[in-house]
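Notes to accompany the following structure.
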Amino acid sequence: MTLNATVSQKSPLPGRGIAERLACAVVQPVLSRVVRRIASRHSSLFARLGPHQSTDFLIDPIELPFALHLRPDPQDLVLRAVPRDAAPRAGATIRGRFMLLLELIDSEEDGDAAFFSRDLEVSGDTEAVVRLRNALDDVDGSIAEETAAMFGRPGRAILSRLRRSYIPS
Amino acid sequence: MSLAELICPAGTPAALRTAVDAGADAVYCGFQDATNARNFPGLNFTPAELAEAVAYAHARGTKVLLALNTYPPAGKVDLWRQAADTGARLGVDAFIVADMGVADYIARTHPGTRLHLSVQAAASSPEAIRYYCAHFGVKRVVLPRILTIPEIRQIRKEIPCEIETFIFGNHGLMVEGRCSLTNYLTGQSTNMDGVCSPASDVEYKRHEDGSMSSQLAGFTIDCFGADEKAGYPTICKGRYTAPHRPEGYYAFEEPISLNLSKLLPELIDAGVHAFKIEGRQRSKSYVRGVVTAFRKAVDDIRAGRPADMADLVALTEGQKQTQGAFETKKWR
Ligand code: SF4
């Protein structure tokens with residue numbers, strides 16, 4: 001699959017904006033918990049971000065009803081779900097399938113290979129993306145599993161279902 | 001020293017541990033500055049991280065090689081000297097050097113520490129290699145990727161040091177150690193600043209038709225169609241138009257990676273001591289996949305079995321691979 005075949009540039013369906021905003025509201029408490037937890041357990045990753053701790057990243061999982069806005073500033077950490085039509089002006093955007101992005105965070109997939117295959121698309125400040133990639137790559141263990149474990153058995157079950165449904169292209 | 005040592009890349013401490021655990025005989029890495037040719041943002045080691053990495057590797061019988069393989073500009077040599085002093089203090093097993101001044105400093109200040117001659121020195125003749133051995137005590141040369149196996153076999157007979165060859169990874173070879181393409185466009189030098197196509201000068205643009213262009217310092221390097229595989233934004237792999245080629249063509253070389261997995265027995269037979277995997281800028285996932293595959297292949301060959309090699313094409317640039325000049329000088 002190529003990303004370009006999948007990314008839709010069409011105007012939203014009627015009512016879609018409401019659904020997206022609802023989805024954002026539902027996941028936001030979870031995201032806030034997740035990002036605080038990751039930041040406290042893996043504080044060393046901030047050093048590799050250097051000046052891009054204050055960069056606004058837009059992480060866009062193409063099949064989800066919302067994108068994620070990340071500002072990895074240890075003093076004022078932001079990870080929030082945003083409807084695409086209300087996304088902030090991002091310094092850098094990273095776009096791909098949700099499970100691919102998750103596998104990249106956990107270094108189960110190689111970012112350069114995903115870029116070569118065109119499954120991963122980046123735009124904006126390339127240095128910011130490279131720093132974020134290298135910072136996450138230096139994290140031992142699985143951020144996805146840590147996150148799933150925060151939600152006990154249901155969390156782990158959802159993660160393993162997602163992984164089963166993910167077929168690398 | 002074992003035959004056919006596997007020399008593996010590490011851009012972060014986690015990648016180093018991954019390489020060690022996957023069976024690397026030695027791991028090479030660099031500091032977070034211009035002293036090495038992968039001076040990329042967010043990559044590489046602080047001295048404290050290197051100290052921990054050396055301890056981790058040595059506890060598992062793996063060596064650590066420190067890349068000091070760039071060329072100090074006039075008046076800035078102290079950075080390289082300090083890096084060498086720090087590396088020696090932390091107990092690295094060898095320095096990979098390109099510059100004669102750096103080699104000379106280490107040979108005098110840290111006698112007894114192994115020196116490996118980087119591919120960046122572009123030493124491809126017995127005469128050049130012997131010079132480095134005689135004057136700086138170089139123990140191993142990393143050969144440029146421009147030689148055939150018969151040529152390597154012949155060089156081996158004429159030099160007093162070990163040979164290391166690349167077996168997998170990026171294939172931007174030009175005249176190694178002397179490429180000024182990035183310098184020409186960005187003002188930053190691959191050879192002195194340690195970075196080719198600095199990320200701060202790279203921009204990707206997606207177009208309405210699904211194509212994507214890559215730009216360096218505002219110059220378009222390539223434009224990939226919606227279903228085309230992409231490559232690194234390096235000038236040597238760019239596609240350019242010219243009056244006689246208005247459709248655009250790879251003026252230097254196409255996005256492709258080296259993969260010599262099928263030539264390993266011949267390389268061992270030709271007297272190659274060590275095999276290098278390129279890719280300090282790559283992820284742990286790459287390191288794990290490539291090191292595991294080559295560890296198994298080398299072990300198979302040592303045991304007299306045919307090498308059962310995993311398919312690594314998904315990890316290659318442009319998702320294409322070549323045996324380059326190792327197979328034939330006409331590879332392009
Ligand atoms: S432009 Fe190509 S040949 Fe030159 S340093 Fe960069 S990767 Fe190497």
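The values are calculated or read from the model by the stated rules, or taken from the named source; none is laboratory data. Keep in mind that what you see is a predicted model, and the values were worked out from it rather than measured. Neighbour counts run over all protein chains shown; Cβ positions are idealised from the backbone, glycine included.
Quick look at the values:
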{"quantity": "Residue in region B:130-139 that is farther than 27 Å from B:Arg288 by Cα and within 15 Å of the ligand (Cβ to nearest atom) present", "calculated": "no"}
{"quantity": "Residues of region B:162-191 that turn out to be under 30 Å from B:His273 (Cβ atoms) and away from the ligand (no atom under 12 Å from the Cβ), as a count", "calculated": "7"}
{"quantity": "In region B:157-199, the residues that are among the hydroxyl-bearing types (Ser, Thr, Tyr) and within 27 Å of B:Lys320 (Cα to Cα)", "calculated": "B:Thr165, B:Ser180, B:Thr182, B:Thr190, B:Ser197"}
{"quantity": "Residue in region A:132-152 that is touching a strand residue (DSSP E or B) at 6+ places or on another chain (Cβ under 8 Å) and touching a residue at least 40 places away in the same chain (Cβ under 8 Å) present", "calculated": "yes"}
{"quantity": "Pick from region B:40-75, criterion without any contact (Cβ under 8 Å) to a residue 12 or more places away in the chain and part of a helix (DSSP H, G or I), ranking: nearest to B:Gln281 (Cα to Cα)", "calculated": "B:Ala48"}
{"quantity": "Residue in region A:43-65 that is modelled with the lowest pLDDT, counting only those that are touching a helix residue (DSSP H, G or I) at 6+ places or on another chain (Cβ under 9 Å) and small (Gly, Ala, Ser)", "calculated": "A:Ser44"}
{"quantity": "Matching entry among B:Ala199, B:Ala251, B:Ala242 (being under 22 Å from B:Arg282 (Cα atoms) and either out of contact with any Cys (no Cβ under 9 Å at 6 or more places or on another chain) or more than 11 Å from every other protein chain (Cβ to nearest Cβ) (or both))", "calculated": "B:Ala199"}
{"quantity": "Among (1) under 26 Å from B:Val290 (Cα atoms); (2) over 12 Å from the mean Cα position of the chain (by Cα); (3) crowded, with 17+ Cβ neighbours inside 10 Å - the single one A:Arg163 does not satisfy", "calculated": "(3)"}
{"quantity": "Residue list for region B:205-227, filter: more than 16 Å from the ligand (Cβ to nearest atom) and either within 13 Å of B:Glu317 (Cβ to Cβ) or within 25 Å of the chain's Cα centre (by Cα) (or both)", "calculated": "B:Phe224"}
{"quantity": "Condition met for A:Leu101 (closer than 25 Å to B:Asp311 by Cα, of a type outside the set (D, E, K, R) and within 14 Å of another protein chain (Cβ to nearest Cβ))", "calculated": "yes"}
{"quantity": "Matching residues, region A:59-96, being farther than 22 Å from A:Leu45 by Cα and either among the acidic types (Asp, Glu) or crowded, with 22+ Cβ neighbours inside 10 Å (or both)", "calculated": "A:Glu63, A:Phe66, A:Ala67, A:Asp85, A:Gly96"}
